[in-house]
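Engineer: Below: one structure in structure tokens.
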Amino acid sequence: MKRRSFLVIGLLAALVAAFLGYRAWNETVPEAADHKPEMALPAGELFLAFQQDEAAAGRSYNGKLIQVQGAVREARTEEDGRLIVLLETGDAMGAVLCEFPIGAKVPGAGTSVTIKGYCAGYNFDVLLQRCAFVPEHR
Amino acid sequence: MPSARPLLLTLMLWPAVVAAQDKYGSRNGTITFFSSAPLEDITAVNRNAASVLIPSTGAIEFSVLIRAFEFEKALMQEHFNENYMESAKWPKATFKGRIVPNAGDDLTKQGVHSAEVDGTLNIHGVERPLHTTAQLISGPDGRIKAGCTFEVKPEDHAIAIPGVVRDKIAKSIQVTVDITYRKL
């Protein structure tokens, strides 16, 4: 009887482990819309941090969900439907480039927006991926 | 890791320095990699490759953020960045080289061109020579579309694959480049 109980518990544990493993393996990459940002700062400040010390800024921001606020320099929809928003940084040669999933609403140029996204690093622009707009609280 | 910055910076940030040479650039090139594996094929895409091309000299450079490669599955992306590519330590891959069209061919002339590409590929802080063939299409709008495919072996760039999954990951990864340059 005792041996049977151990077998049942072992089998249940194996089933739970298999389920959790399967779920973890199939989990999709997180979107910013579903999560709270780890930090918030102006777009120009984020860009400046990478310009001044790319390695240090990378340690602080890369891979993290960051919220930035700034004015829209340019917004365009790519052929595949992704929205790209460039935020002003005070430097004409670089921007905070925010990539949105398909279907995001295009903001007007000059509009002040708050965006959260996962920071991938600096490659002439600071890149935020899988972004979402953060509604303004009035 | 040696940076691709010198030429890219010179060309993209200080245009007057090379005003005499026509230069083409892009910050949204697409790099895709594909690996066939017994359990599941692995594919990832990066749509933010920065590159500069000077058709008159054939000079070409790429700079690619490793973290900008996007996978369908979170676990694959996490393992790629943390276990294999160590993107916190080596945040970028670069290529610096020369594109050589057929004798007498002008890459900016409207039409389809084939060219040899030779240079140095730096991934994971390890430089390796790279040779491939590229196809370029120069359009009526002045843009140049370029594409090529090549193979990269993780072991050539000191990318350690744990023994447990070594047999489940292809020995070489197919990399595809697709980029549209516009005149700077």
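Engineer: Relative contact order for region B:44-184 using alpha-carbon pairs under 8 Å, separation at least 6, rounded to a whole percent?
Structural biologist: 17 percent
Engineer: So, one more: For region A:32-133, build the convex hull from the C-alpha positions and give me its volume per residue in Å³.
Structural biologist: For region A:32-133, the hull spanned by Cα atoms encloses 87 Å³ per residue.
Engineer: Okay, moving on. Need one value for A:27-34: mean number of C-beta atoms belonging to other chains within 10 Å of its residues' C-beta atoms.
Structural biologist: 3
Engineer: Please give, to one decimal in nm, the separation of the simple spin-label points placed at A:Gln51 and A:Arg82, each 7 Å out from Cα toward the Cβ.
Structural biologist: 2.5 nm
Engineer: How large is the direction-averaged shadow of the alpha-carbon convex hull of chain B, in nm²?
Structural biologist: With every direction weighted equally, the projected area is 10.7 nm².
Engineer: Rounded to the nearest 10 degrees, what's the angle between the helix A:2-26 long axis and the longest principal axis of chain A, both from Cα atoms, 0 to 90?
Structural biologist: Result, in degrees: 20.
Engineer: For chain A, calculate the relative contact order in percent as a whole number, restricting contacts to Cα pairs under 8 Å that are 6 or more residues apart.
Structural biologist: In percent, rounded to a whole number, it is 24.
Engineer: Which distance in nm do the two modelled labels at A:Ala18 and A:Met93 give, with both placed 7 Å along the Cα-to-Cβ direction?
Structural biologist: So the label points at A:Ala18 and A:Met93 sit 5.8 nm apart.
Engineer: Give me the distance between the Cα centres of region B:55-99 and region A:64-138, rounded to whole Å.
Structural biologist: 21 Å
Engineer: Okay, which of region A:69-91 sit inside 17 Å, backbone N to the point 7 Å along the Cα-Cβ direction of A:Ala109?
Structural biologist: Inside the label zone: A:71-78, A:84-91.
Engineer: Right, another one. B:Asp178 versus B:Lys89, label points 7 Å from Cα toward the beta carbon: distance in nm?
Structural biologist: 3.3 nm
Engineer: Mean-square fluctuation check for chain B, GNM, Cα pairs under 10 Å: which of B:Ala160, B:Ala103, B:Ala170 is largest?
Structural biologist: It is B:Ala103.
Engineer: When we measure straight from the Cα of B:Lys89, which lysines land under 16 angstrom away, once same-chain ones fewer than 8 places off are left out?
Structural biologist: Cα-Cα hits under 16 Å: A:Lys64.
Engineer: A further question on this structure: What does the structure give for B:127-138 when I average, per residue, the other chain Cβ atoms found within 10 Å of the residue Cβ?
Structural biologist: Per residue, the average neighbour count from other chains is 0.
Engineer: Next up: Restricting to DSSP H runs of at least four residues, report the calculated mean residue ellipticity at 222 nm for the protein assembly as shown, -39500 (n - 2.57) per run over all residues, nearest 500 deg cm²/dmol.
Structural biologist: -5500 deg cm²/dmol
Engineer: Hey, another quick one. Using the reciprocal of the averaged 1/r over all distinct C-alpha pairs, how large is the Kirkwood radius of the protein assembly as shown in Å?
Structural biologist: Kirkwood radius, the protein assembly as shown: 21.4 Å.
Engineer: Report the Cα-based extents of region B:97-146 along its three principal axes, largest first, to the nearest Å.
Structural biologist: Each principal axis gives a Cα extent; for region B:97-146 these are 39, 23, 11 Å.
None of the figures in this text is laboratory data; all of them are computed from the coordinates on show. Please read all numbers here as calculations on a predicted model, not as lab measurements. Virtual Cβ from ideal backbone geometry, glycine too; neighbours counted across all protein chains shown.
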